[in-house]
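A short reminder: the numbers here are calculations on the coordinates, not readings from a lab. Every value quoted in this text rests on a predicted model; they were computed, and no experiment measured them. Positions of Cβ are backbone-derived with ideal geometry, glycine not excepted, and every protein chain shown enters the neighbour counts.
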């Protein structure tokens with residue numbers, strides 16, 4: 001988890017300088033990728049929430065041209081929480097998640113993130129125009145689904161390598177015997 005936190009936080013600060021260009025879509029894609037990898041390979045409950053909370057707290061420190069941004073912290077916590085809650089309610093082993101489950105979790109968690117972030121702006125800051133709400137409520141889940149899909153592919157690849165290593169080790173043990 002520490003490695004994923006460091007990568008996301010470091011990349012997030014770099015991405016913050018490119019935000020006028022990327023509109024943070026790269027981060028919205030990367031978060032479900034990391035959640036899918038973390039949950040699928042560790043099998044730990046609430047690991048996405050923990051990762052989202054840690055990264056969100058790191059983003060409270062204003063840097064990379066981004067002022068103090070509590071909406072980012074709240075959005076990241078909600079993102080991890082929704083990802084974990086969906087997978088928890090799917091009644092499947094966290095080690096045996098399907099691609100569909102990870103795609104759906106990515107889409108729903110990014111939808112939750114969009115709603116949470118925009119609500120913070122509506123309540124405490126400047127009101128956002130309706131077209132921005134529509135764009136966020138359609139775009140964020142789409143990007144999250146893409147991130148969940150890519151994360152599932154990475155997980156399948158890693159698990160395939162692990163299985164192959166176990167089979168090779170078993171075969172070499174039989175040859176020695």
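Counting neighbouring Cβ atoms within 10 Å and putting the fewest first, the residues 149, 28 line up as 149, 28. Full extension of the chain between residue 88 and residue 132 yields a length gain of 12.8 nm, computed as 0.36 nm times the residue separation minus the alpha carbon distance. Cβ-to-Cβ counts within 10 Å put 124, 34, 150 in ascending order as 124, 150, 34, the fewest first.
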